[in-house]
1. I'd like the orientation of helix 248-258 relative to the chain: the angle between its Cα long axis and the longest Cα principal axis, in ° from 0 to 90, rounded to 10.
2. Accessible area of the stretch 224-343 with a 1.4 Å probe: how many percent of it is carbon plus sulfur?
3. Dipole magnitude of the chain about its Cα centre, charges +1 at Lys/Arg Cβ and -1 at Asp/Glu Cβ only, in debye to the nearest 20?
4. May I ask you to give the solvent-accessible area per residue for the chain, in square angstrom, as obtained with a 1.4 angstrom probe?
5. About the Cα centre of the stretch 286-390, what is the dipole size in debye to 20, counting +1 per Lys and Arg Cβ and -1 per Asp and Glu Cβ, all else neutral?
6. What aspartates and glutamates does Lys141 reach when the alpha-carbon gap must be under 12 Å and sequence neighbours fewer than 8 apart in one chain are set aside?
7. Nearest 10 degrees is fine. How inclined is helix 145-159 to the longest principal axis of the chain, computing both from alpha carbons?
8. Quick check: pseudo-label points 7 Å beyond the Cα along Cα→Cβ at Arg317 and Lys9, how many nm apart are they?
Amino acid sequence: MIDKIFYKKMLSKSFSIPVRVNYWDGESEVYGEGTPEVTITFKESVPVKEIMRNASIALGEAYMDGRIQIDGSIQKLVKAAYDSAESFFYNSKLKKFLPKQSHSEKISKYDVQSHYDLGNDFYRLWLDPTMTYSCAYFEHKDDNLEQAQMNKVRHIIKKLDPQQGKTLLDIGCGWGTLMLTAAKEFGLKVAGITLSEEQYKFVKQRIADEGLEDKAEVYLEDYRELKHEPFDYITSVGMFEHVGEENLGTYFKTIAKYLSNDGVALIHGITRQQGGAYNGWINQYIFPGGYVPGLNENLKHIIDAGMQVFDVETLRRHYQHTLEIWDENFKNHLDEISEKMDEKFTRMWDLYLQACAASFESGNIDCIQYLISKGPSGKNLPRTRDYIYE
């Protein structure tokens, strides 16, 4: 009975849309005015003490285990929770003081490999043929995902105003599409760095297959340990979310160290405009060690590292759409994924993709590109943005 009172108080004002809640004892209630758009069914009660400890972990685990069933769009439900000012997302009594995270080189390697080394075959099923696992850039409403990912890659490289024959370092190079496009289409000499063994082997094979040994190299190494001469350009996409709050300063100082005098860097990543934050469930099950920094944090670290900002661009709606396509692709290949992964895994990833899409849609998180230079802002760049779109 006490549990039921707690649940009713927690859920009654947690959503901006009408939601039906079916409780474990057969009772059903609709919260909000109108026809329910989503139905939540509790097959059993999730212990209140677990919710009080960390709501995102407790409810996320219950969904993964099948103790909670959701009929309707998870994305719509999560967005409705973000949109409600009285949601349990914002209830200070339900927030947990997260334990201090570690981002030593050993732990960073484990964190990266636990996510990215699930296997290239897994990611190949639901990413596009470029194997790009970051926000796409939809220049036109009818762009498919592959085109939008190539749009993003070229958009990033063009912002650098690259000059043929100069050098580029891609920190967190993924499966290599950005760095190899810079080599093939823009005539740059490129290097990529990753901690994922699967990605390292994949990129190394691509370099050999495409005959780019004289223009491209890849390192399996921590970004803090690379021994190399400074580069004219640096790119880093979807990387700073993994370095940890305590290492953001080191990350940007490392970029400054690797960047030549008057060099230019384009840093692209998930950022919160409201300030930095952790998510307990995502940290535990998807991205160990993840931390989404605040816009003000990143700007301070950029300046403290002796660099200056030339341009900032937000891609929030682009990332929302990217995630929606990924989730659709994931579901279209569910039979193949289920052959290798259990139901708990597939429910976990579906929840992750839809919840992240909702988080971008609501503005809880953003994706921002920072165009920065070592030396006066944009010293060697054109004065207007026209050059990016020519």
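1. 20
2. That share works out to 46 percent.
3. Magnitude of the dipole: close to 1220 debye.
4. 46
5. Charge dipole, the stretch 286-390, about its Cα centre: 620 debye, nearest 20.
6. none
7. With both axes taken from Cα atoms, the answer is about 50 degrees.
8. Each label point is offset 7 Å from its Cα along the Cβ direction, giving 4.1 nm.
The values are calculated or read from the model by the stated rules, or taken from the named source; none is laboratory data. Nothing here was measured: the structure is a model prediction, and the numbers come from that model. Using ideal geometry, Cβ is built from the backbone for each residue, glycine included, and neighbour counts are taken over all protein chains shown. Just the protein is used for accessible areas: all its heavy atoms, side chains included, with ligands, DNA and RNA removed. Shrake-Rupley method; radii C 1.70, N 1.55, O 1.52, S 1.80 Å.
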